[in-house]
Amino acid sequence: MITTHITPDYRTCMQDAAHAYLLRHRAEYLVDSDQLFSSAERHLIVALEVPASLAAKLVHLAWTDIRQVESLSA
């Protein structure tokens, strides 16, 4: 039997990190705050050394995922 392991790629891992950061720090900011978005970007850039252009994209994708899940559960 052949077992294949699917390893998430770099972008997926960093998007997951953005997602976790947004959820963890969400209560610290006003709803839909640009400050939360900027803080998440800064976290990816400084703590995880993600390039700035990619960090913005990943935070946006993570935030979109969160909003979609919320709209489905509402």
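Condition first: of a type in the set (Val, Ile, Thr), surrounded by 11 or more Cβ atoms within 10 Å (Cβ to Cβ), under 10 Å from the mean Cα position of the chain (by Cα) and assigned to a helix (DSSP H, G or I). Can you find one or more residues in segment 1-16 that meet it?
yes
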Which residue out of VAL69, VAL59 is within 9 Å of the chain's Cα centre (by Cα), modelled with pLDDT of 90 or more and assigned to a helix (DSSP H, G or I)?
VAL59
Is there any pair linking a residue in segment 54-65 that is closer than 14 Å to SER38 by Cβ to one that is among the charged types (D, E, K, R) and assigned to a helix (DSSP H, G or I), with Cβ under 6 Å and at least six apart or on different chains, and which?
ALA55/GLU41; ALA56/GLU41; VAL59/GLU41
List pairs: first residue in segment 29-47 and in a helix (DSSP H, G or I) and surrounded by fewer than 16 Cβ atoms within 10 Å (Cβ to Cβ), second residue of a type outside the set (A, V, I, L, M) and at pLDDT below 95 anywhere in the structure, Cβ distance under 8 angstrom, at least six positions apart or on different chains.
GLN35/TYR29
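The values are calculated or read from the model by the stated rules, or taken from the named source; none is laboratory data. These numbers were taken from a predicted model, which means no experiment stands behind them. Reconstructed Cβ throughout: ideal geometry from the backbone, glycine too, with neighbour counts over all protein chains shown.
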